[in-house]
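Novice: I am attaching a structure below and will ask some questions about it afterwards.
What follows is calculated from the coordinates using simple rules that are stated; it is not laboratory data. Source: prediction; values computed, not measured. Please note: Cβ atoms are built from the backbone with ideal geometry, for glycine as well, and neighbour counts cover all protein chains shown.
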Amino acid sequence: MNREAMIASIDDRREPFDIVVIGGGATGAGIAVDAASRGFSTLLLERMDFGKGTSSRSTKLVHGGVRYLEQGNVSLVMGALRERGILRRNAPHLVHDVPFVVPNYSWWETPFYGIGLKIYDLLAGQYGFGKSRLLSREETLDRLPNLRQDGLRGGVIYHDGQFDDARLLIHLLATAADQGATVLNYAPVVEITRGSDGFVNGVVAQDTESGNRIAIGARVVINATGMFADETRRLADPNITPMMVASQGIHLVLDSTFLRGDTAIMVPHTSDGRVLFAIPWHRHTVVGTTDTPIDGPSYEPRPFDQEIEFVLETARLYLSHPPKRDDILSVFVGIRPLVQQASASATTTSALSRDHTVHIDESGLLTIAGGKWTTYRHMAEDTVNHAIMLGKLADRACITQELRIHGYAEDVDEGDTLWVYGSDAEPIRRLARESPELGRQLDSQLPIIAAQVVWAVREEMARSVEDVLARRTRALFLDARAATRMAPAVAALMAQELGKDQTWTDAEVARFSALAAQYVL
Ligand SMILES: Cc1cc2nc3c(=O)[nH]c(=O)nc-3n(C[C@H](O)[C@H](O)[C@H](O)COP(=O)(O)OP(=O)(O)OC[C@H]3O[C@@H](n4cnc5c(N)ncnc54)[C@H](O)[C@@H]3O)c2cc1C
């Protein structure tokens, strides 16, 4: 993926695109893959960097959602379990199986959760990841040596999927590009244009780097802007009735000693009636999340103090080595793009449906909102089916159930720090072999090498230090202080690749350091 080449392919185009997608998160990227692989001319425009919104800030689970089963939403869970299986088949380098243990401290918990998780297994059917089973107290402690021991009776083990969200996103965009789509970051849509018949017929985007405005024709415009969906709908019609509700969730990142091992903990009932996870991720421990209603969308939401206390308090109930504020290496916050229900009897955002909604405004703007990362492929299929009808496009069948995702590689070695790159790991290693300077690790706390920075600029359209440290690698999310230490080296490597001067380098380091300061307490 090369930004200059992407801009040239927009400039060179004389015909309208079949489909223009606004938004470069999971939803937009999935649609770009689906549309391009059906043979439609496709353009995706992202206002910031790909994944700057919610899609880099999830709990990193590819799951059916045990919680939704408890709410009785069987079809949502079944659909998501099916998508979980399809995603692992098409991206084995990015999705892996994690054992989860529900620790039991009361006599009734073992049969209760044991039966619930058996139903979860049954709903997965042929897409199952592994069978759930009851564990004795000893087996539970074998898997989770740091679990609080007093009162522990045993546990239930089940399996779910885990991934690196920002990395899957980049690989989806690369898949879309491999299929002929044009994808562009730092290109906000600033206008949605309408023809003499009143119907949407294109967009105006602005290239943030050059300042140029680009008018682009489209047979169908798809709004996949997540929490910003209403703002985007207003570009086509200022009088729309809003449909989005925002709620935020925080995650605390701790070092790996808090879990010690490859097994995650699932707490099915916190004091506020939610579930909480403690999950091993990139040799760290991620604990979360919360569900706090907020007024509206923003790119860098901040955690509320009571959210931090709540997650720490709940974790302390289960861990023998209780985490303190000082142990937190990074705090990241994401905003759920939830769709308001017309007959809303829901009083809390956690009770709002996680199903997706496809909505068409009178202007003909097609909006897709809600859903989950796990179900992005199914959401994309549904959206493109609607786009075909709306834009009278050729009726071509969806092929993404069988489409391998960029970097596809079987039997990846999870001990290898580059494993999430799949088949792209080898060219990165080659860079490091050819120039020992690029083989050097940038900080002792994180196994990230200089070659990854160069690769991110050359092949993954990274334009800023933040793009590299927050999303092409996950340094900011894993350890914000280590990421800050890495910033000068990353800026220098990027300046060389992008032909930037010392003023740019200094400004990038300052900007990133200010951002990273918000990820520590
Ligand atoms: C705390 C939390 C935990 C979660 N955990 C999980 C999980 O473990 N598993 C799971 O399956 N799901 C999870 N989810 C849900 C999942 O992360 C979201 O459903 C998904 O990421 C939403 O993607 P999106 O593309 O719709 O939105 P976003 O990722 O926010 O993307 C929208 C994009 O549109 C862009 N945009 C906005 N306006 C414009 C414009 N004018 N021009 C161009 N671009 C524009 C934005 O910059 C943004 O990048 C979680 C969500 C949260 C909040």
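Novice: Using only the alpha-carbon atoms, how far is helix 305-318 inclined from the longest principal axis of the chain? Give it as 0 to 90 degrees, nearest 10.
Specialist: The helix 305-318 is inclined about 40 degrees to the chain.
Novice: Would you give the gap between the C-alpha center of the range 13-68 and the C-alpha center of the range 225-259, rounded to a whole Å?
Specialist: 15
Novice: Whole-Hz ³J(HN,Hα) for each residue in the range 486-495, computed from phi via Karplus 6.51 cos²θ - 1.76 cosθ + 1.60 with θ = phi - 60°, x for glycine and proline: what do you get?
Specialist: Residue by residue, the range 486-495 yields 7, 4, x, 5, 5, 4, 5, 4, 5, 4 Hz.
Novice: Where in the range 127-166 does the label zone of Lys118 land, with the point 7 angstrom along Cα→C-beta and an amide N cut-off under 12 Å?
Specialist: Flagged as within label range: 132-134.
Novice: Quickly estimate the mean residue ellipticity at 222 nm for the chain, helices only: each DSSP H run with n ≥ 4 gives -39500 (n - 2.57), and the total goes over all residues, rounded to 500.
Specialist: It lands at -10500 deg cm²/dmol.
Novice: Once you compute Rg and the Kirkwood Rh from C-alpha atoms, what is the Rg to Rh ratio for the range 323-455?
Specialist: That ratio is 1.11, to two decimals.
Novice: Considering the alpha-carbon set of the range 193-304 alone, what are its Rg and its Dmax in angstrom?
Specialist: For the range 193-304, the Cα-based Rg and Dmax read 21.0, 64 Å.
Novice: Order these peptides, 367-379, 290-302, by their mean beta-carbon neighbour count within 10 angstrom, highest first.
Specialist: Sorting 367-379, 290-302 by mean packing, highest first, produces 367-379, 290-302.
Novice: Residue by residue through the range 242-249, what is 3J(HN,Hα) from phi via Karplus (6.51 cos²θ - 1.76 cosθ + 1.60, θ = phi - 60°)? Round to whole Hz and write x for glycine and proline.
Specialist: Result, ordered by residue: x, 10, 9, 10, 10, 9, 10, x Hz.
Novice: Need the full-extension length gain, Asp11 to Ser106, defined as separation in residues times 0.36 nm minus the C-alpha distance. One decimal, nm.
Specialist: Contour length minus Cα-Cα distance gives 27.7 nm.
Novice: Sorted by mean Cβ packing within 10 Å, highest first, what order do the peptides 252-261, 496-505 take?
Specialist: So the peptides 252-261, 496-505, ranked by packing, come out 252-261, 496-505.
Novice: Before anything else, pin down the relative contact order of the range 49-181: Cα pairs under 8 Å, at least 6 apart, normalised by residue count, whole percent.
Specialist: So the answer I get is 35 percent.
Novice: Moving on to the next point. Students often forget the sequence filter, so: which aspartates and glutamates lie under 14 Å Cα-Cα from Lys392 once same-chain residues fewer than 8 apart are removed?
Specialist: Asp18
Novice: Roughly how many whole Å is it from the C-alpha centroid of the range 500-521 to that of the range 69-117?
Specialist: First find each Cα centre; the distance between them is then 40 Å.
Novice: Continuing with the same structure: Kindly state, as a whole number, the per residue volume in cubic angstrom of the convex hull around the alpha carbon atoms of the chain.
Specialist: Hull volume over Cα atoms, normalised by residue count, gives 143 Å³.
Novice: Eigenvalues of the Cα gyration tensor times 5, then square-rooted: what semi-axes does that give for the range 1-113, in whole angstrom, largest first?
Specialist: Calculated on Cα positions only, the semi-axes equal 40, 15, 13 Å.
Novice: What FRET efficiency would be calculated for the residue pair Ser435, Asn2, taking the C-beta separation as r and a Förster radius of 25 Å, to the nearest 0.05?
Specialist: The formula returns an efficiency of 0.75 here.
Novice: Got a sec? Charge dipole of the chain, +1 on Cβ for Lys and Arg, -1 for Asp and Glu; which of Leu69, Gly180, Met379 is way out at the positive end?
Specialist: Farthest towards the positive end: Leu69.
Novice: Mind giving me the FRET efficiency for Asp255 and Arg396? R0 is 35 Å, r the Cβ-Cβ distance, nearest 0.05 is fine.
Specialist: 0.10
Novice: Applying a 10 Å radius around every beta-carbon, put 217-229, 177-189, 128-140 in order of their mean neighbour count, most first.
Specialist: 217-229, 177-189, 128-140
Novice: For Lys324, give me every one of the lysines with a C-alpha distance below 29 angstrom, ignoring sequence neighbours fewer than eight places off in its own chain.
Specialist: Lys52, Lys60
Novice: To continue, here is another question. Over every pair of different alpha-carbon atoms in the range 104-238, take the mean of 1/r and invert it; report that Kirkwood radius in Å.
Specialist: Roughly 20.2 Å, rounded to one decimal.
Novice: What is the local net charge at Ala462, summed over the other residues whose Cβ is closer than 11 Å to its Cβ (Lys, Arg +1; Asp, Glu -1)?
Specialist: Charge balance near Ala462 sits at -1.
Novice: For the range 367-400 and the range 446-466, what is the centre-to-centre distance using only Cα atoms, to the nearest Å?
Specialist: So the two Cα centres are separated by 31 Å.
Novice: Would you grab the residues whose amide H sits under 5 Å from the one on Asp443? Only those 5+ places off in sequence or on another chain, please, with H modelled 1.01 Å from N.
Specialist: For Asp443, the qualifying residues are Ile448.
Novice: So what are the ³J(HN,Hα) numbers for the range 71-86, from phi and the Karplus equation (6.51, -1.76, 1.60; θ = phi - 60°), rounded to whole Hz, Gly and Pro as x?
Specialist: 7, x, 8, 5, 5, 4, 5, 4, x, 5, 5, 5, 5, 4, x, 5
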